[in-house]
Structures are given as C-alpha cells and as structure tokens.
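J.: Structure below; questions to follow.
Throughout, read-outs are computed from the coordinates displayed, never taken from laboratory work. In this text, all values refer to a predicted model and were calculated from it rather than measured experimentally. Because the Cβ atoms are built from the backbone with ideal geometry, glycine has one as well, and the counts that use them run over all protein chains shown.
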Amino acid sequence: MKGTVIIVKDIKEIRVAIDGPSGAGKSTIAKRIAAKTGLVYVDTGALYRTVGLYAYERGISQDDCAAIVACLSEIDIKLAYENGVQKVYLCGKDVGDSIRTPAASMYASAVSKLPPVREFLLKLQKDLAKKGGVIMDGRDIGTVIIPDAELKVFMTATPEARARRRFIELEEKGMAQPYDEVLRDIVERDREDREREASPCVPAEDAVNFVNDDYGIEESADYIIGLMKNL
C-alpha cells in the first residue's frame, strides 16, 4: 500500500548502493525505496551533472579536460533537504531540473571520466555515506564510494527500454527530444561510462544484478526492499 513504511532490521545503519547506466531508473526507484523504508536518499549523479552544467553554461567544450579541471576551484556545491527532497545548489543557486537536460547528461558523462573531478566530489559523497541509513545511486557507489555497503545492486535495462523511459520523462518535463536522438545519446553515454579509466560503470563483484525491463517503479522498489529484508 502506498505510504506504508516497511520496517527493515538495523534501518539506521544499513547502506544501499545502486549502480547502473543512464536511464535504468536508479534515481526514481531509489527515491521510492527511501520513501517506503525511511532511508535517506542521496542522488550522487546530480553532483556530476552539476559540475557538467557549470562547464556547459560557460561554453567549455566537454572535450577540453584542462579547462574543466581548471574551473573546479570556482565551483561550490551544497546539498540540502527541503521538505524531504534533496536539492542541489551551485554557487548558491538551486539548479532544479536544469541538470536533467540531454546536454547536462552528456557533460556529466564527460566530466565524470576525469580523475580530478571524481576526487573533487569523492569526499562529499563518502561523508554522506558514513552516516548510515542511506541509499545512494550512481555509477561507482558499490565499487568506490561505499565498497562495504550492506547491499549493492547493479540495475540495468536494454538501451531501447531506457530510451523509452527517458523520452517520456523529457516529454513530461516539456523538454521533448526525438526518440532516435535519446537512444543515440544513451548508447554513446553507455560506451563512455563503460570504457572510461576512472571508475568505469561496472558491477561490484558482490552486487546483485537486476535487469528491470519488465518491472515498473513500484515492482522494482519492492524487489530491492525484499533484498534488504533478507540481509
């Protein structure tokens, strides 16, 4: 039943790491799990998107690694929880949905390949994870950020299924983009995330692989909650 809080043993201590490619529904499902269990949701992908947005808005090419690294000293990112919702502030301004555009997504993939960017954001992510009682999603949560998480899940779906989801999401937000372009962007981002040298998007050795093509949001959330209850 919606709104029901499921009691999971040691809920205040458990840490859940959800990794996977773009469009797998990680953030949406992690938020739903947080709402059902009382865990604190941390959207780590939003941090990389925010760095990417900063570079994009200043006209820096996503291939200009030196310029991206040079601008890190200008960037101030803060997370805040307002009415139970995580908000990201870039240099004092709430970024809102501007980090969810296709351009911001591509820049997020580009900047996340750079070791200095990952190091820049690593401490913030680790500090958030130390508190326990959290669910975090991203590309390297189970392999780098919380390698000792009580539960690690690698969530994925076919590129076509993920493109359909992203197409609908963008359309609902008034940022419609042709399906073929959405699919092309996802395939390209998959390649970049998989092949990058710094923390590639791959499952942790002890992660549960979850292919959710045929699962809805509630079904996916309940499946992972089931894994949590069996820890």
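J.: Of Lys87/Lys229; Lys113/Lys173; Lys87/Lys152; Lys26/Lys87, which ones are farther than 26 Å apart at the Cα?
T.: Details: Lys87/Lys229 29 Å; Lys113/Lys173 28 Å; Lys87/Lys152 24 Å; Lys26/Lys87 17 Å.
Pairs exceeding the cut-off: Lys87/Lys229; Lys113/Lys173.
J.: Expressed as an acute angle from 0 to 90° and rounded to the nearest 10, what is the orientation of the C-alpha long axis of helix 45-57 relative to the principal long axis of the chain?
T.: Taking Cα atoms only, the helix is inclined about 10 degrees.
J.: Additional query: May I ask you to derive the relative contact order of the chain, considering only C-alpha pairs under 8 Å and at least 6 residues apart, and to give it as an integer percent?
T.: Averaging sequence separation for qualifying contacts and normalising by length gives 32 percent for the chain.
J.: Could you work out [θ]222 nm for the chain from helices alone, using -39500 (n - 2.57) per DSSP H run of at least four and dividing by all its residues? Round to the nearest 500 deg cm²/dmol.
T.: So the helix-based figure for the chain works out to -14000 deg cm²/dmol.
J.: Suppose the chain between Arg191 and Glu205 were pulled fully straight at 0.36 nm per residue; how much longer would it get relative to their current alpha carbon spacing? Kindly include the intermediate steps, with their values, before the conclusion.
T.: Numbers: separation 14, 0.36 × 14 = 5.04 nm, distance 2.03 nm.
Working it through step by step, the gained length comes to 3.0 nm.
J.: Suppose we keep just the DSSP beta bridges with both residues in region 15-229; what percent of those would be antiparallel, to 5? List each step's numbers first, then the result.
T.: Details: 8 of 25 bridges.
Roughly 30 percent of the DSSP beta bridges within region 15-229 come out antiparallel.
J.: Taking amide H positions as placed 1.01 Å from N in the peptide plane, with prolines and chain starts having none, which residues 5 or more places from Val40, or on another chain, fall under 5 Å of its amide H?
T.: Residues meeting the amide H criterion: Val134, Ile135.
J.: So, one more: Summarise the long-distance tail of P(r) for the chain by giving the % of C-alpha pairs beyond 24 Å.
T.: Cα-Cα pairs in the chain separated by more than 24 Å: 42 percent.
J.: Compute a Gaussian network model of the chain, connecting alpha carbons closer than 10 Å, and tell me which residue from Arg191, Arg166, Arg58 fluctuates the most.
T.: Arg58
J.: Quick one: what are the phi-derived ³J(HN,Hα) couplings along region 97-110, Karplus 6.51/-1.76/1.60 with θ = phi - 60°, whole Hz, x for glycine and proline?
T.: 8, 5, 8, 9, 6, x, 5, 5, 5, 5, 5, 4, 5, 5
J.: Order by neighbour count: Thr50, Thr28, Thr37, fewest other Cβ atoms within 10 Å first, most last.
T.: Lowest count first: Thr28, Thr37, Thr50.
J.: Follow-up. Rounded to the nearest 20 debye, what is the charge dipole size of the chain about its Cα centre when +1 sits on each Lys and Arg Cβ and -1 on each Asp and Glu Cβ?
T.: That gives a dipole near 680 debye.
J.: Provide Rg and Dmax in Å for region 6-99, with only Cα atoms included in the calculation.
T.: Cα only, region 6-99: 15.8, 49 Å (Rg, Dmax).
J.: What ³J(HN,Hα) values, in whole Hz, does the Karplus curve 6.51 cos²θ - 1.76 cosθ + 1.60 give for region 20-36 when θ = phi - 60°, with x put for Gly and Pro?
T.: With coefficients 6.51, -1.76 and 1.60, one gets x, x, 4, x, 7, x, 4, 5, 4, 6, 4, 4, 5, 4, 4, 5, 7 Hz.
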